[in-house]
Amino acid sequence: MKYALLLFSLLFMTSYAQSSEDDWQEVLRQWMTAEDMEENFGEETMLLLEERAATKLNINQISREQLEELPFLTAPQVEAVVAYVDRYRPVRSLSELQMIKALDYDTRRLLACFVFVGDEKVKRVRPKLSDVMKHGEHTLTATAKLPLYDHKGDRNGYLGYKYRHDLRYQFTYGDHIKAGITGAQDAGEPFFSNRNSMGYDHYSYYLQLRGMGRLEELNLGTYRVQMGMGLVMNTGFSLGKLASLQSMGRSSHMLTAHTSRSAAGYLQGAAATVRLWPRWHVTLFASYRPLDATLNDDGTARTLLTDGYHRTPTEMGKKHNTHEVLTGMSIGWRPTLRDGSAFVRLNAVYTHLDRRLSPQKTATSYRRYAAEGNNFVNVSTDYGYTSARLAVSGEMAINGNGALAAIHAVSYRLTDELTLMALHRYYDKRYTALHARSFSEGSGVQNEHGLYVGATWRPTSRWLLQGYVDYAHFAWKRYLVSAPSDAVDGLLSARYTHKRWTLEGRYRLHIRQHDNSSKSLLENRPEHRLRLRAAMDVSPRLTLQAQADGSNTLANGRHSSGVMVSQRATWRWRSILVDGQIGWFHTDGYDSRLYQYERSVAHDFSFPMYYGHGLRYSLLAQATLGNHLMLSVKAGTTNYFDRSSIGSGLQEINHSAVTDLLVQAAYKF
């Protein structure tokens, strides 16, 4: 409580604070919780939407599938937009979105960042080669991160130099064609040397075609697949609990090119969606790609690695030592209904590893039911129904061993102001799927049975209240939990907007069970998190925002608390953007760590974690020169007051402060 007065006073003393809600990144990052940041949910979602914002959709030719790529829309909202455009086409102005009752003010403003009013033609025609060559857009982007310090491994231990960099080329023609290549290098990895004789440590290369008649989509190279609610295949994005409340647990089916620098989660090969008949679609995909793995003495794979680091001889020795062959399909039917829409899909995935996956189950009993073997089969059916007020979606899956997984979500709009949602999931402890990712309290789609209920209420146009409660039971042991256990998670969020002002508060209580210090009993470990934000538009050019975050946890009989207060300013003038942020943090330790979103250059999303005592400040400057060149520079410093060195092992920095410089140049032609 000693920081409570400071936390509250900062917010109310900052009468000039504001966040520009017109910035879609600002809106979306408010949905992210600490767990979302740890699981990279926020980064993947923002990468997807950054590309969609760069190639906006023509609202007069928009399809249901394209709208379903936008994770902030609920199923009834998707249905309402499709119905309005079909009935009143052509849309003359985005102001007409106000006529769609299912869209609230914030969603309309967010949707406007991803659509435009274009050609009134109903049918999408195949692009002509001459038009593609004439009107296609090329973008070349180079990014480098320059640390103004040395890690211990930079002096002795890492195979490469300390600079992280990547180079991207992309060609786009509206929403029809996207092709490109991305080369990425992490700090410490060799460049044009060692096993990286081809230059970069990782390459993403892709060709994506859309709207080619019956061939609705074709992906060649690296790509991602999302089917249903993620029980058998989801290498795309995944939403956290608060974001799931925003989208009301909507199911989705999507193919998309993998364009990022990430070396994890993608497939490599070919994928296509074909329209067989007016209401029938089939998706087929095949992939062959190398994986990193930690090996057992007998040559089997103990653990599949996803961090993508190849900085040391040991890490480099694990690079691409295992290979995966994957094939899958999905066939879907969407019947014609008088009121609303429905769909049913059948999905199947087969995965083969050239090394047997053999986790050490005797040494770590909580991994007794971990995936094991060379061959894995998963089959599911997902389905849904949407009307003006009701949305139901679900998926039921089975693996090759006969274990089941199921998830169902229902949302109902009681009034124009109040919407309720419930989500139930059951994941058998024996259910395994190598590429599954769905709604869960635990770390995967396994060993969990839970119920989530939430509500969104807009009592007036100025107020938005959201909240949820989630209960989960784990029938088998988990990491640091040696018996069946439970978890309860609850969140309440309130936001008030009036003219220039925005006031927001969020409180979260998360209770998880862990072994006590003697491992004789389970104990409840409550974690409290509080966020307060005050904002006001100062002028069309200048926005300011103040935010305060607090945390309090109890583990092994010891309380750990923390607080972070920050101030941010954003200034825009013509083609120039300057964004600065400063934050002071003080926590008792890692258990009370805090997270803070920072604006960054394109293709780079930053959610730094802070614990201990220190000060963080950063400055981003962007300028567009003419119609082709954009330059971006970001400098950030973290200064710790409670330590003389940072990190450990090869990552140790023999200093109490670190400064990084991020530079980027993007040229469009």
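Quick notes on this one:
- ARG599 among the charged types (D, E, K, R) and touching a residue at least 60 places away in the same chain (Cβ under 8 Å): yes
- Counting the residues of the stretch 362-414 that are open to solvent by 70 Å² or more (accessible area, probe 1.4 Å) and part of a loop (DSSP other than H, G, I, E, B) gives 7.
- From the options THR235, THR300, THR222, residue that is surrounded by fewer than 19 Cβ atoms within 10 Å (Cβ to Cβ) and of a type in the set (S, T, N, Q): THR300
- Within the stretch 283-332, the set of residues being within 30 Å of ALA102 (Cβ to Cβ) and either acidic (Asp, Glu) or assigned to a helix (DSSP H, G or I) (or both) is empty.
- Within the stretch 313-326, tally of residues that are within 24 Å of SER260 (Cβ to Cβ) and open to solvent by 20 Å² or more (accessible area, probe 1.4 Å): 6
- Of the residues making up the stretch 505-547, those that are open to solvent by 40 Å² or more (accessible area, probe 1.4 Å), part of a loop (DSSP other than H, G, I, E, B) and either among the hydroxyl-bearing types (Ser, Thr, Tyr) or under 14 Å from SER485 (Cβ atoms) (or both) are SER517, SER518, LYS519, SER520, LEU521, SER539.
- Applying the set (1) within 20 Å of ARG126 (Cβ to Cβ); (2) modelled with pLDDT under 95; (3) of a type in the set (Gly, Ala, Ser); (4) open to solvent by less than 20 Å² (accessible area, probe 1.4 Å) to GLY213 leaves exactly one unmet item: (4).
- Every residue from the stretch 434-476 that is among the small types (Gly, Ala, Ser) and assigned to a loop (DSSP other than H, G, I, E, B): ALA436, SER438, SER440, GLY442, SER443, GLY444, SER461, ALA475
- Against the test of being open to solvent by 10 Å² or more (accessible area, probe 1.4 Å), touching a residue at least 24 places away in the same chain (Cβ under 8 Å) and of a type in the set (Ser, Thr, Tyr), the options SER618, SER592 yield a single qualifying residue, SER618.
- The one condition in (1) surrounded by 15 or more Cβ atoms within 10 Å (Cβ to Cβ); (2) modelled with pLDDT under 90; (3) over 25 Å from the mean Cα position of the chain (by Cα); (4) of a type in the set (A, V, I, L, M) that VAL125 fails to fulfil: (1)
- Where PHE192 falls short, out of the listed (1) under 24 Å from the mean Cα position of the chain (by Cα); (2) free of Cβ contacts under 8 Å to residues at least 40 places away in the same chain: (1)
- Any chance GLY228 is surrounded by fewer than 21 Cβ atoms within 10 Å (Cβ to Cβ), farther than 15 Å from LEU159 by Cα and small (Gly, Ala, Ser): no
Residue by residue, here is whether (1) β-branched (Val, Ile, Thr); (2) touching a helix residue (DSSP H, G or I) at 6+ places or on another chain (Cβ under 9 Å); (3) at pLDDT 95 or above; (4) surrounded by 22 or more Cβ atoms within 10 Å (Cβ to Cβ) holds:
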| position | (1), (2), (3), (4) |
| --- | --- |
| TYR431 | no, no, yes, yes |
| HIS449 | no, no, yes, no |
| THR456 | yes, yes, no, yes |
| PRO459 | no, no, no, no |
| ARG462 | no, no, no, no |
| LEU465 | no, no, no, no |
| ALA472 | no, no, yes, no |
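- Top-ranked residue in the stretch 573-595 [being polar (S, T, N, Q) and farther than 17 Å from THR659 by Cβ; ranked as modelled with the highest pLDDT]: THR587
- Within the stretch 369-380, residues that are modelled with pLDDT of 95 or more sit with their Cβ atoms under 7 Å from residues that are small (Gly, Ala, Ser), at 6+ positions apart or across chains, in these pairs: PHE376/GLY400; VAL377/GLY400; ASN378/ALA397; ASN378/ALA433; VAL379/ALA348; VAL379/ALA397; SER380/GLY228; SER380/ALA397.
- Counting only strands (runs of 3 or more DSSP E) that sit completely within the stretch 133-213, those holding 2 or more residues that are within 30 Å of THR638 (Cα to Cα) and of a type in the set (S, T, N, Q) correspond to 137-147, 177-185.
- Residue identified as closer than 30 Å to LEU480 by Cβ, at pLDDT 95 or above, among the basic types (Lys, Arg) and surrounded by 15 or more Cβ atoms within 10 Å (Cβ to Cβ) among ARG425, ARG437: ARG425
- Only one of LYS152, LYS162, LYS145 that is touching a strand residue (DSSP E or B) at 6+ places or on another chain (Cβ under 6 Å), open to solvent by 60 Å² or more (accessible area, probe 1.4 Å) and under 30 Å from ARG195 (Cβ atoms): LYS145
- The stretch 340-361, subset over 30 Å from ARG279 (Cβ atoms) and modelled with pLDDT under 90, residue most open to solvent (accessible area, probe 1.4 Å): GLN360
- Of the helices (runs of 4 or more DSSP H) contained entirely in the stretch 34-105, those carrying at least 1 residues that are modelled with pLDDT under 80 and open to solvent by 40 Å² or more (accessible area, probe 1.4 Å) fall at 34-38, 41-54, 64-67.
- PRO335 being within 27 Å of HIS408 (Cβ to Cβ) and part of a loop (DSSP other than H, G, I, E, B): yes
- Reported count of residues in the stretch 260-275, each being at pLDDT below 90 and either in a strand (DSSP E or B) or open to solvent by less than 40 Å² (accessible area, probe 1.4 Å) (or both), is 4.
The values are calculated or read from the model by the stated rules, or taken from the named source; none is laboratory data. Because the structure is predicted, anything quoted here is derived from the model rather than measured. In this analysis, Cβ positions are derived from the backbone assuming ideal geometry, glycine residues included, and neighbour counts consider all displayed protein chains. Just so you know, the surface numbers come from the protein's heavy atoms only, side chains and all, with ligands and any DNA or RNA stripped out. Shrake-Rupley method; radii C 1.70, N 1.55, O 1.52, S 1.80 Å.
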